[in-house]
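Structure, as C-alpha cells:
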Amino acid sequence: MSSGNLAARPGLTSAEAATRLRADGPNELPAARGHRLLDGLRRVLSEPMFLLLCVAVALYVLLGELREALVLASSLIAVVVISVSQERRAERALEALRDLSSPRAAVLRDGELLRIAGREVVRGDVVLLAEGDRVPADGLLLESIDLEVDESLLTGESLPVPKRIDAAAQAERRVHSGTLIVRGHGTAEIAATGVRTELGRIGHALATLEPQKTPLFIETRRMVIWLAVLGIGLCVAVVLLYAASRGGWVEGALAGITLAMSILPEEFAVVLTVFLALGAWRLSRQGVLTRRMPAIEALGSATVLAVDKTGTLTENRMAVSILDDGTRQVVLNGPSGELDAGLRRLLGAALAACEIEAFDPMERAIARAARDYAAREALELGDMKLVHEYELTPELLAVTHAWKTGASDQLLVATKGAPEAVADLCRLDPVELARLLHRVEQIARDGLRVLAIARAEVHHAALPSSPRELTFDFLGLVALRDPVRETVPAALSDCHRAGIRAVMITGDHPGTARAVARAVGLDDSRGLLTGQELASMDEPTLRVHAAMVNVYARVAPVEKLRLVRALRANGEVVAMTGDGVNDAPALKAADIGVAMGSRGTDVAREAASLVLVGDDFTGLVAAIRMGRRIYENIRSAMSYLIAVHIPLAGAGLLPILFGWPLLLFPLHVVFLEFVIDPACSLVFEGEHRGPEIMHRPPRDPAERLFSGTMLRDSLLLGIVSMAVVALVYGISLSMYSDGQARALGFIVLVINNLALILVSRSRSDSLAKVLLRPNRAFWVIGVLAIAALFIVVNMPSVADAFRFEAPPAAAAVAAILAGLAAAAITGILRAALQSVRSRP
C-alpha cells in the first residue's frame, strides 16, 4: 500500500456524496421509529390512571350525570396528549444521541481524509480501515496490510478472517458492515449501504444506546408497587365504607376511584424516563455522549478520574520540537528549513514508521515536519510500497514498517517507539543505553514526548516474523511538544473542591508525565509509578499504592486494568478514559468507562458508558457537574411527588371518615395532575444548580434515592399540607355552603401545590434564594394554574362541572394565605431539621 495509491484515489466529491445519500438514504438499518408514536399511544392508553378515568366516565353515565361524563371524557384527550408529548420528548433526545454515538468512519472526500458518522457513508466512498474499527458498510478491498476481520456477527465463526487484495477468492477481498477489524489496516471502496448490506439482509440491528434498567428504576419500581398496593387497599376500603355509611355503591365506587387516582404514583416513571433522557441530551451539549444510562447516575458518585495525558490534559496539537542524532540537538522553530543529511535521514525514517494517512496527531506532526524539513526523503517514501507492518504490542513498545523500493527485493525497515524499546532492538551496549536514557530524561523534563528512531535493511524473502530478529541502526530521537490545555488547572481545582481525585495514566516517559502533571497542577507529591513497577506488585501492594499515587507512566493496557480494579477494591467509584482496542477491558471494569470521541476506536466506544467528544478533561468535569445536577433534580422531583400526594389522598379520604361531603371528584384530580405533571417534567428537570453543587463530596453510591431523611422530609411537607387543607375545609363547611366550602378547599390544594413546588426545588437554599433562581417553567405553570383556578371557581358553567360555588372574596384570600402558610411552615421545619442533622 503506497502513499501514491491513496493520492490517486481522492474519493468522492462532497456533491457526489450528497447526491448518493439522497438517492440511497442513510447508511443505517431500519428501526421501529415509525411505530414509536403508536407504541407510546398504546402505553398511555394502558396506564392505570387512564383506565381509572375511563371507569369514572362510565360511573358518571350510570349516575345520569352526562355533563360531568363529557367534561371528564374531554379531559382524557388532554391527558393522552400530554403523556404522549412527554414520551416523544424523551425519545427524540435519545434518537439524537443514537445518531451522535453511532460508529464513525474515516473516508476520503474531495481528496481529504475526514472522519464522519457511519450513517453518512455512501456507495463509492473510499474508506480507511484500522484495528479497532467497525466496518461501516459492505465494500471491496483496494489495499490491505496484515488485515484480519472478526466476522462472527455474520457467520458465528469466532476466528478472525484474513483479508487480502491478491486473493483468488472474491470473498477474501470483501468486507462487511458491522464486522470488526482486529489486526492490520486497509482501504476499501463501499459497494452497498444500509439495508442493501449483508447485515441489512440478515436483519440484525445493533443498539448503540442500551436501554438498561438503572438502579434508580429498580428502586422506584419498588416504591411504585408499594404505593399502588396501598392505593388499591384504600380504594376498596373507601367503597365499602361509603356504601355502608351512606348507601350507594356507584357513588362509593366513584369516591374510591378518586382516592386511587390521588394516591397512584404514575408520575414516578415519567420523572425517571424524562430526566435521564433529557439529562443524556444535556450531557451531549457538554460534549459527552451517553451510551449507557446507569453512567448518568454514577457520575454524581465518582471519586476518582483516571485520565490519559495526551489530548485529555494536553491539546493533542503536537509539533516536532527537537531532533537529536546523538552528536547534536536541533530545535525546530520556523515553518520550514534545511537540515543536514543525518537529521533528514532521522526524520525520513520517523515518517516511514508512521501510517500513510494518519489520524494520530503525533504521526501527523511527524509528517508535517518531514514535508517541511526533509522533503526529499518524504518524496522518496511516496514512491515506495508498504509491504508489512509490525504493530505496537505491550511487549514491544514500537511500531515497525517494511517498505519495498522499486523493483529491488531489498526492503527498508523503519521503527519508532519508546527509547528503551528501540534501544533493545538496536542492541545498544550498557554504556550507550545509559547515555541515551540520560538524553531522553533531559528532554522529557520539559514535558516533551520522546520517540527513538532506527532503521534496517533486509531482503524481502528474509523478512522475519518479529522485528527483534532484525539488525537495526540507531538514528536518534524525535521530541514532540503538546501544549497543556489552559482550562485543565481550573478543572482540577473544581475536582479538588468536589472531593474528586484526579489520576493520570499515560504510556509516555516518566519525565514527560511528571512535567505535565506539575504544569496542570496535578498532585505528584506521592511520587510516580511506572508500568514495570506496577507489574511487579501483588494485588495487596498495588491497592496500597493505588490509594496514594496520582501519576503513572509507561503503563500498558493490562496494568491499566489492574489499576482500575485496585482503585475499585479500595472503595473508589472510578471514571476512566481510554481510546485504544486494548483499553476496552479497563473501560468495562471502571464504574464509568469514557471513550475518546476524536481518537477513540469503535471498540473503545462500544466498551464505554460515555464518549468524550472533544477528548477534553474539562468536558469530563462538566459531565460530573451535570450528573450531580440530574440526580439532585430527580431527588427534588420525587420528594415533591411524595409530598403532594399526601394532601390529595387526605382530601379524598378524610371527608368520608369525618362524614363530610366529598371534597374531591375525578375531575378535580385531573386538574391537579395538569399542574403536577408539567412541574415534574419541566420545572424540576430544568432546575439550575449553583457552583455549590461542586463544593460537596461525591454522593455515596450506596445511598438510596428514597432514603429515610428524604422520606421524613417529604412526609412532613405532605402531612402539614393535608392538615391545613382539612382544617380549611372543615371550618368552611360550618360557615358556607358545600359548593363554597369545596371551592375553598380546592383553592388551598392548588396554592399549596404551587408552594410545594417552590419548597421542593432545593433541599438547602432559603425560599428567597430559590425564588431568585431563574426557572421560567415554574412561573409559567404558576400563572397558568392560578388563571385556570380563577376560571373554575368563578365562571358558573365551569364551576358547576367542578361542583363549586363562588366563595366570598375574603374567604378566598384567606384560603390562598393558608395554602402559602402551610408550605412556609414546612419549609421552616425542614430547615430546622437540616440544621440539627448538620451539627457535629
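Things to note:
- The set of residues in the stretch 242-277 that are under 30 Å from residue 688 (Cα atoms) and either open to solvent by 10 Å² or more (accessible area, probe 1.4 Å) or of a type in the set (Lys, Arg) (or both) comprises 263, 264, 266, 269, 270, 273.
- When residues of the stretch 594-604 are limited to those that are open to solvent by less than 10 Å² (accessible area, probe 1.4 Å) and touching a residue at least 24 places away in the same chain (Cβ under 8 Å), the one farthest from residue 300 (Cα to Cα): 602
- Within the stretch 682-698, tally of residues that are open to solvent by 40 Å² or more (accessible area, probe 1.4 Å) and either without any contact (Cβ under 8 Å) to a residue 40 or more places away in the chain or not aliphatic (A, V, I, L, M) (or both): 7
- Scanning the stretch 375-390 for residues that are of a type outside the set (Ser, Thr, Tyr) and open to solvent by less than 60 Å² (accessible area, probe 1.4 Å) gives 375, 377, 378, 381, 382, 384, 386, 387, 388, 389.
- Whichever residue in the stretch 554-563 is part of a helix (DSSP H, G or I) and either β-branched (Val, Ile, Thr) or open to solvent by less than 10 Å² (accessible area, probe 1.4 Å) (or both) and, among such residues, is modelled with the lowest pLDDT: 558
- Selection within the stretch 1-38: residues that are part of a loop (DSSP other than H, G, I, E, B) and under 29 Å from residue 411 (Cβ atoms). The member of this set that is modelled with the highest pLDDT is 10.
- Residue match in the stretch 267-278 (condition: more than 16 Å from the chain's Cα centre (by Cα) and either farther than 19 Å from residue 631 by Cβ or of a type in the set (Gly, Ala, Ser) (or both)): yes
- Residue satisfying condition, being over 30 Å from residue 554 (Cβ atoms), out of contact with any Cys (no Cβ under 6 Å at 6 or more places or on another chain) and open to solvent by 40 Å² or more (accessible area, probe 1.4 Å), within set 285, 317: 285
- For the stretch 608-641, the tally of residues that are of a type in the set (Gly, Ala, Ser), open to solvent by 10 Å² or more (accessible area, probe 1.4 Å) and under 23 Å from residue 133 (Cβ atoms) stands at 2.
- In the stretch 704-741, of all residues being part of a loop (DSSP other than H, G, I, E, B) and among the polar types (S, T, N, Q), the one that is nearest to residue 222 (Cα to Cα) corresponds to 707.
- Yes/no for residue 446 being surrounded by fewer than 16 Cβ atoms within 10 Å (Cβ to Cβ), of a type in the set (Asp, Glu) and under 27 Å from residue 460 (Cα atoms): no
- Candidates 480, 470, filtered to the one that is in contact (Cβ under 8 Å) with a residue 24 or more places away in the chain and in contact with a Lys or Arg (Cβ under 6 Å, 6 or more places away or on another chain): 480
- Residues located in the stretch 391-404, provided they are free of Cβ contacts under 8 Å to residues at least 60 places away in the same chain, open to solvent by less than 10 Å² (accessible area, probe 1.4 Å) and not aromatic (Phe, Trp, Tyr): 401
- Where strands (runs of 3 or more DSSP E) fall entirely within the stretch 451-553, those with at least 1 residues that are open to solvent by 50 Å² or more (accessible area, probe 1.4 Å) and under 30 Å from residue 401 (Cα atoms) are at 473-481.
- Filtered residue count, the stretch 327-378, keeping only those that are of a type in the set (Ser, Thr, Tyr) and without any contact (Cβ under 8 Å) to a residue 24 or more places away in the chain: 1
- Residues in the stretch 118-157 that are surrounded by fewer than 22 Cβ atoms within 10 Å (Cβ to Cβ), among the aliphatic types (A, V, I, L, M) and over 26 Å from residue 392 (Cβ atoms): 140, 153, 154.
- From the list 302, 298, 280, the lone residue that is in a loop (DSSP other than H, G, I, E, B) and under 30 Å from residue 567 (Cβ atoms) is 302.
- Every listed requirement among (1) at pLDDT 80 or above; (2) open to solvent by less than 50 Å² (accessible area, probe 1.4 Å); (3) within 30 Å of residue 641 (Cα to Cα); (4) of a type outside the set (Lys, Arg) is met by residue 188 save one, (3).
- Take the conditions (1) assigned to a loop (DSSP other than H, G, I, E, B); (2) among the acidic types (Asp, Glu); (3) touching a Pro at 6+ places or on another chain (Cβ under 7 Å); residue 583 misses just one of them, which is (1).
- Selection count, the stretch 657-669, where residues are buried (at least 22 other Cβ atoms within 10 Å of the Cβ) and of a type in the set (A, V, I, L, M): 3
- Selection within the stretch 321-354 - charged (D, E, K, R) and either modelled with pLDDT of 85 or more or open to solvent by less than 10 Å² (accessible area, probe 1.4 Å) (or both): 324, 325, 328, 340, 344, 345
- Residue check, residue 735 touching a Ser or Thr at 6+ places or on another chain (Cβ under 7 Å) and surrounded by fewer than 20 Cβ atoms within 10 Å (Cβ to Cβ): no
- No other residue among 575, 566, 590 is more than 28 Å from residue 129 (Cβ to Cβ), in contact with a Gly (Cβ under 9 Å, 6 or more places away or on another chain) and open to solvent by less than 20 Å² (accessible area, probe 1.4 Å) apart from 575.
- Scope the stretch 373-395; condition touching a Leu at 6+ places or on another chain (Cβ under 9 Å) and more than 21 Å from residue 462 (Cα to Cα); matching residues: 373, 374, 377, 378, 381
- Members of the stretch 493-537 that are closer than 17 Å to residue 620 by Cβ and not hydrophobic (A, V, I, L, M, F, W, C): 493, 494, 496, 497, 499, 501, 506, 521
- Screening residue 660 with (1) within 30 Å of residue 735 (Cα to Cα); (2) in a helix (DSSP H, G or I) gives one miss only, at (2).
The values are calculated or read from the model by the stated rules, or taken from the named source; none is laboratory data. Everything numeric in this text was worked out from a predicted model, so none of it was measured. Note that we place each Cβ from the backbone using ideal geometry, even for glycine, and neighbour counts take in every protein chain shown. Note: areas computed on protein heavy atoms with side chains; ligands, DNA, RNA excluded. Shrake-Rupley method; radii C 1.70, N 1.55, O 1.52, S 1.80 Å.
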